[in-house]
Amino acid sequence: MGSIVKPSTTLRRPAELADQKLVSREALPALEAVAARYAIAITPAVAALIDPNDPNDPIARQYVPSTQELQIEPVERVDPIGDNARSPVEGIVHRYPDRVLLKLVHVCAVYCRFCFRREMVGPGKDSALSDHAYAKAIDYIRTHPEIWEVILTGGDPLMLSTRRLKEIVNDLAAIPHVKIIRFHTRVPVADPARMTDEVAEALHHPDVTTWVALHANHPRELTAEARAACARLIDRGIPMVSQSVLLRGVNDTAETLTALMRAFVECRIKPYYLHHGDLAPGTSHLRTTLEEGEALMRQLRGHVSGLCQPDYVLDIPGGYGKIPVGPAYLSQQRDGERMQPRRLVDYCGGVHSYPPA
């Protein structure tokens, strides 16, 4: 058997994945059914990270479709975090008082198999807001002075052209009460060559502070090229935070999470959120339990630098927002009319008491 030539273009069809030995030929009929419902895209940069000889490769598990995605659980939802319930105008999600999501595009460089918006993005969906919808979204932000931060998401906003990114930043910076613009993206990992000095310049504006949140779930995703792409943003004065999803078979060990969070910090990216897997259709094989997540966070606490500690959060289904989900280290009970001393648990599991207030 000859060696596999790594792809030079994005893989989008199951047959192309089979050519790269990422899926079996026998699985193609079932995977065509997956592809008919959920988008597939694996960029050359991501494909180069996958070991086709490892059936449990953690990079493949994030991006390569599986027949398990056809198994829909009763608890799973088309809109698991309630975007639609909090959308006053097209393109805007206003879930929290001081910030909104601005969903500009519905395409991504790569499509994650656990995506909570998997029913809303990809081929066959609207690719971007129309000019009319965009104008109404900007007008909504302009007429709501409580909005301090605008979070650009989608899809992936960095799929837009450099010219368009600059126009959008300028439009938002012209609104006096908007002080923070945040971009959520996979592009520095999925297509690091896209992160040019020109893109970094387009994201920067003297009248607002721009932040970029990078989504990565495994330390192998932070290649030298991805690190250089992030450095181009950071060196331009754009701070970065991380977002990750806790995924079974990808990063559900203390060792992997430790390596991932340390890699972020080494890249000057502050770990921000570790999301519990959302109830998106066909993703049960990738979700852990909350108890497993709490145990992993307890293992990180104290054993890894405070710089490396993300918040473990759950998006409450239905659009009610994120909550931290532990683990808890403090509890207290009442003894009749008196409060007992607080029970404190240190990172090693030791139990201590603290006087009641």
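The values are calculated or read from the model by the stated rules, or taken from the named source; none is laboratory data. All values derive from a computational prediction rather than experimental measurement. No Cβ is skipped: glycine too gets one built from the backbone with ideal geometry, and neighbour counts run over all protein chains shown. Protein only, heavy atoms only, side chains kept; ligands, DNA and RNA dropped before computing areas. Shrake-Rupley method; radii C 1.70, N 1.55, O 1.52, S 1.80 Å.
Highest mean packing comes first when the peptides 227-239, 321-333 are listed by Cβ atoms within 10 Å, giving 227-239, 321-333.
Counting only protein heavy atoms and a 1.4 Å probe, tell me what percentage of the range 185-226's accessible area is made up of carbon and sulfur. Ligands and nucleic acids excluded, carbon and sulfur reach 53 percent.
Total lysine pairs in the chain at Cα distances under 26 Å, for residues eight or more apart or on different chains: 16.
Note on ASP131 and GLU146: the model spin-label points, each 7 Å out from Cα along the C-beta direction, lie 3.3 nm apart. The distance from the alpha carbon centre of the range 71-110 to that of the range 18-47 is 26 Å, rounded to a whole number.
The alpha carbon radius of gyration of the chain, expressed as a multiple of 2.2 N^0.38 Å, is 1.05.
Roughly to the nearest percent, how much of the accessible area of the range 16-94 is carbon and sulfur, given a 1.4 Å probe? Carbon plus sulfur share of accessible area: 48 percent. Could you tell me what % of all Cα pairs in the range 203-306 have separations over 16 Å? Here the long-distance tail beyond 16 Å is 60 percent of all Cα pairs in the range 203-306.
Using the Cβ-Cβ distance between ARG163 and ASN53 with R0 set to 30 Å, the FRET efficiency from 1/(1 + (r/R0)^6) comes to roughly 0.10. For the chain, the mean residue ellipticity at 222 nm estimated from helices alone is -7500 deg cm²/dmol, where every DSSP H run of n ≥ 4 contributes -39500 (n - 2.57) and the total is divided by all residues, rounded to the nearest 500. In the range 254-322, the portion of solvent-accessible area held by carbon and sulfur atoms comes to 52 percent [1.4 Å probe, whole percent, DNA, RNA and ligands not counted]. For the range 209-334, the residue among ASN251, VAL304, GLY321 whose Cα projects farthest onto the positive side of the dipole built from Cβ charges is VAL304. Taken about its Cα centre, the range 44-122 carries a charge dipole of roughly 320 debye when the Cβ of each Lys and Arg holds +1 and the Cβ of each Asp and Glu holds -1.
Most fluctuating residue of THR223, THR289, THR253 in a GNM of the chain with Cα springs under 10 Å: which is it? Checking each option, the largest mean-square fluctuation is seen for THR289. Residues ARG287, ARG118, ordered by accessible area of protein heavy atoms at a 1.4 angstrom probe radius and largest first, appear as ARG287, ARG118. Surface exposure of the range 179-294, expressed per residue as accessible area with a 1.4 Å probe, stands at 35 Å². Computed extension gain for ILE234 through GLU291, at 0.36 nm per residue and net of the alpha carbon distance, reaches 17.0 nm. Counted over the range 62-154, the DSSP beta bridges are approximately 45% antiparallel.
Per residue, how much accessible area does the range 1-148 show when a 1.4 Å probe rolls over the protein heavy atoms, in square angstrom?
On the way: 7320 Å² over 148 residues.
With all protein chains present, the range 1-148 gives 49 Å² per residue.
Beta bridges from DSSP with both residues in the chain: antiparallel share about 35 percent, rounded to the nearest 5. Applying 1/(1 + (r/R0)^6) with r as the Cβ-Cβ distance of GLN71 and ALA254 and R0 = 22 angstrom yields a FRET efficiency of 0.15. Largest GNM mean-square fluctuation across LEU22, LEU246, LEU214, computed for the chain with C-alpha springs under 10 Å, falls on LEU22. For the range 127-241, the relative contact order comes to 25 percent (Cα pairs under 8 Å, sequence separation of at least 6). If you run the Gaussian network model on the chain, springs between alpha carbon atoms under 10 Å, then out of ILE151, ILE72, ILE181 the most flexible one is ILE72. Accessible area per residue (1.4 Å probe, heavy atoms of protein chains only) ranks THR67, THR283 as THR67, THR283, with the largest value leading.
Since only ASN84, SER66, HIS215 are under comparison, the one whose Cα sits farthest along the positive direction of the charge dipole of the chain, derived from C-beta charges on Lys, Arg, Asp and Glu, is HIS215.
Charges only on Cβ, +1 for Lys and Arg, -1 for Asp and Glu: so what's the dipole of the chain about the Cα centre, in debye to the nearest 20? Don't skip to the answer; put the middle values down first.
Details: 41 positive and 43 negative charges, 62 e Å.
Magnitude of the dipole: close to 300 debye.
Taking every DSSP beta bridge that has both residues in the range 228-357, what percent is antiparallel when rounded to the nearest 5? Intermediate values should be presented prior to the final figure.
On the way: 11 of 21 bridges.
So the antiparallel bridges in the range 228-357 amount to around 50 percent.
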